[in-house]
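Peer 1: Just dropping this structure here.
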Amino acid sequence: MNPVPEQPGAQPPLTGPQCEAGLALALAHDQLQLQYQPLVDLQSGAVVSLEALVRWQHPERGLLMAHDFLPQAAAHTAAIGDWVLRRACADLRSWRQAGRPHLKVAINVDASQFLDPGFGAEVAATLDEYAISPDALSLEITETALTRAGARCDQLLAGFKQRGLCLTLDDFGTGHASLSSLKRYPFDAIKIDRHFIRDVATSGSDAAMSRSIIDMAHHLGMKVVAEGVETEAQCDFLRRNMCDQIQGYFFAAPMAAAALQQWLAEAPALAPHLLRMHRPPRRLLLVDDEPNIVAALKRLLRGDHYQIYTANDGPQGLEVLARQQVDVIVSDQRMPGMLGADFLRKARELAPESIRIMLSGYTELQSVTDAVNEGAIYKFLTKPWDDEQLRGHIAEAFRVKESADDNQRLHLEVRTANQELAAANRRMEQLLQEKQRQISRDEISLNVAREVLQHLPLPVIGLDDAGMIAFINGAAAALFQQHGGLLGSEAGSALPELFGADGAPPSGRHVARVGQQDYAVHCHPMGSASTSRGSLITLSSQEASHA
């Protein structure tokens, strides 16, 4: 299923001037390429998104990775970014027209693009041009870009979210984003940097860091993507610790658009045993230095439908545990090279969730007692054994393990539900913030409009939809000063000269006499071009009209 990984060349790096001159030609002669690396969901096993990765087909050096030329491409960053955006949108439209409506694409945003105030509008215009919904495109932004943006960061991110774009915080853990600042950022997902994933299955510190990032992101309603996943052990760790998606050569290498289209036609998916809620078969490891004992145990347990692994001594048993998860271990005590108690202690380190049983005809009491007291041994059984009792003890061990697994799965389901709830709450908070910003903008616009109307020489009166006077400008207040305070009054009663005998509000245009002067009265219903309700009444003197 995996394409052949790319092999970067061993040539010396391009210098700045070489890179600048070469990229100008590359853009002019279509030497740039986009390759796409799939992101696979750890819950469904399906491909859910693609990251677009720019490459340069250099005429002399062959295919260059992004890190070979982008750092020296400052003068061409905007042009390359625009090319990536348009090519990704064109490919995405092609895939969607080919029957993949849910496929999404992520593009990397350079810090200079992020800081460009026109970049959001450019993205929106390109999406409109290719008829792609904004939520189909994710912008991957690094912590470095956030740091460079400084105080403008919140405004820039809010602008992207207002346009409906998805946002991913890339390479998390390598920059300066603090937990407090991350809380206010409207990111939809976080990518754990590959440096934490490389040794996540063997390094306690990397494992702890990855778990903390996953827990924190889920608490904030964000999804978590692990990049640089290259082994099944890494994938299994991420599966068990609630990571949402993985990206890396373990599942698929980056591919050109045409190759990707063919690859997707094969419906690639993650193996079932690597899914988050997977229930594995019952796996049993038998460790004994006597081949006939191992053979007898396998015959005895054949009908119980266990997936059985065997080893002839402790070191072989540890090798099995290093490459294969097991649920129950049955080990002899007296074996050459390593006692069974010592083997089970090490097994506990490699597979702490396994149930460990010692089956031995030799009893070195102190060693076994210590192992039991330390928790390395679940039960100690003696040889020769009673077949049914032994089968019963092993079956009970599997029930204990499966009960713990069921509790873990229930815990995962609860965490999944909590994550979805947190994500929904985060979306609601973002929507509320946007509504508050809109209200603030509307208030500013309203205040400006009120100020303009207040200083117009033309009398203006505003009525709400119940016919009450809600606004009166200076010119109108001066004209009707003999009526006293008018705000909040019923217009038909307070200003009878403007209304008919029945007090009905005016409609269209008519002439009314106010004091010793005739005025043309115009009524303008509101709401045709806004959400405003009510009406505006303007008065213009007939003399001014005739003049």
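Peer 1: Taking the DSSP beta bridges in the chain as the whole, what percent of them are antiparallel, to the nearest 5?
Peer 2: That works out to approximately 50 percent antiparallel.
Peer 1: In whole Å, how far is the Cα centre of the stretch 113-133 from that of the stretch 280-336?
Peer 2: 59 Å
Peer 1: Which one of SER403, GLN245, LEU359 has its Cα pushed farthest toward the positive end of the charge dipole of the chain, where Lys and Arg give +1 and Asp and Glu give -1 at the Cβ?
Peer 2: Most positive-ward Cα: SER403.
Peer 1: Another question about this same structure. What ³J(HN,Hα) values, in whole Hz, does the Karplus curve 6.51 cos²θ - 1.76 cosθ + 1.60 give for the stretch 47-54 when θ = phi - 60°, with x put for Gly and Pro?
Peer 2: So the Karplus estimates, Gly and Pro as x, are 6, 10, 7, 9, 9, 7, 10, 7 Hz.
Peer 1: Related question: For SER489 and LEU115, calculate 0.36 nm times their separation in residues minus their Cα-Cα distance, and state this gained length in nm to one decimal.
Peer 2: 129.5 nm
Peer 1: Looking only at the stretch 377-394, which residues have a backbone nitrogen under 19 Å from a spot 7 Å from the Cα of SER403 in the C-beta direction?
Peer 2: 377-380, 390-394
Peer 1: Right, another one. Residues of the stretch 246-289 with amide nitrogen under 11 Å from the 7 Å Cα-to-Cβ point of SER94?
Peer 2: The answer is 256-262.
Peer 1: Here is a further query. Among the listed pairs LYS183/LYS346; LYS104/LYS435; LYS191/LYS346, which have their C-alpha atoms separated by more than 31 angstrom in this model? All intermediate terms of the calculation are to be shown ahead of the outcome.
Peer 2: On the way: LYS183/LYS346 41 Å; LYS104/LYS435 27 Å; LYS191/LYS346 33 Å.
Too far apart for the 31 Å limit: LYS183/LYS346; LYS191/LYS346.
Peer 1: More than 32 angstrom separation, counting every C-alpha pair in the chain; what % is that?
Peer 2: Distances greater than 32 Å cover 63 percent of the Cα pairs.
Peer 1: Another one. Measure out, as a whole number of angstrom, how far apart the alpha-carbon centroids of the stretch 64-107 and the stretch 449-487 sit.
Peer 2: Cα centres, the stretch 64-107 to the stretch 449-487: 56 Å.
Peer 1: To continue, here is another question. Hey, got the dipole for the chain? About the Cα centre, +1 on K and R Cβ, -1 on D and E Cβ, debye to the nearest 20?
Peer 2: Charge dipole, the chain, about its Cα centre: 480 debye, nearest 20.
Peer 1: For ALA226, enumerate residues with amide H under 5 Å from its amide H, sequence gap 5+ or separate chain, H modeled in the peptide plane.
Peer 2: Under 5 Å from the amide H of ALA226: ILE192, GLN245, ILE246, GLN247.
Peer 1: Would you please give the FRET efficiency between HIS195 and LEU458, computed as 1/(1 + (r/R0)^6) with r the Cβ-Cβ distance and R0 = 51 Å, to the nearest 0.05?
Peer 2: It comes to 0.15.
Peer 1: Tell me which residues come under 5 Å, amide H to amide H, from MET335 once H is placed; ignore anything under 5 positions away on its chain.
Peer 2: Hits under the 5 Å cutoff: GLY340.
Peer 1: While we're looking at this one, here's another question. So between SER133 and ALA395, what do we pick up on full extension, going 0.36 nm a residue minus the alpha carbon distance?
Peer 2: 88.9 nm
Peer 1: What distance in nm separates the two pseudo spin-label positions at ASP236 and HIS67, each 7 Å out from Cα along the beta-carbon direction?
Peer 2: 2.8 nm
Peer 1: Next up: So how much slack lies between ALA46 and HIS411, counting 0.36 nm per residue of separation and subtracting their Cα-Cα distance, in nm?
Peer 2: 129.1 nm
Peer 1: Something else: Along Cα→Cβ, 7 Å out, is where each label goes; now give me the distance between the ones at LEU350 and HIS29 in nm to one decimal.
Peer 2: Simple spin-label model gives 5.5 nm for this pair.
Peer 1: Taking only DSSP H segments of four or more residues, each worth -39500 (n - 2.57), what value at 222 nm results for the chain once the sum is divided by all its residues, to the nearest 500 deg cm²/dmol?
Peer 2: -13500 deg cm²/dmol
Peer 1: Okay, moving on. 5 Å is the cut-off here: which amide hydrogens, built 1.01 Å from N in the peptide plane, fall below it relative to MET255, excluding neighbours closer than 5 in sequence?
Peer 2: Answer set, sorted by chain and number: TYR36, GLN37.
Peer 1: In whole Hz and in residue order, list the ³J(HN,Hα) couplings for the stretch 187-200 that follow from phi through the Karplus curve 6.51 cos²θ - 1.76 cosθ + 1.60, θ = phi - 60°; x for Gly and Pro.
Peer 2: 6, 8, 8, 10, 9, 6, 5, 4, 5, 7, 8, 3, 10, 5
Peer 1: Additional query: HN-Hα J couplings of the stretch 438-444 from phi, Karplus 6.51/-1.76/1.60, θ = phi - 60°, integer Hz, Gly and Pro as x?
Peer 2: 5, 4, 4, 5, 5, 5, 4
Peer 1: Now a separate question. Rounded to the nearest 0.05, what FRET efficiency do LEU446 and GLN516 have when you use their Cβ-Cβ distance and R0 = 41 Å?
Peer 2: Values: r = 35 Å, r/R0 = 0.86.
So the FRET efficiency works out to roughly 0.70.
No value in this document is a laboratory result; all are computed from the given coordinates. Everything numeric here is computed off the predicted structure, so don't read it as measured data. All Cβ positions, glycine included, derive from the backbone under ideal geometry; neighbour counts span all protein chains shown.
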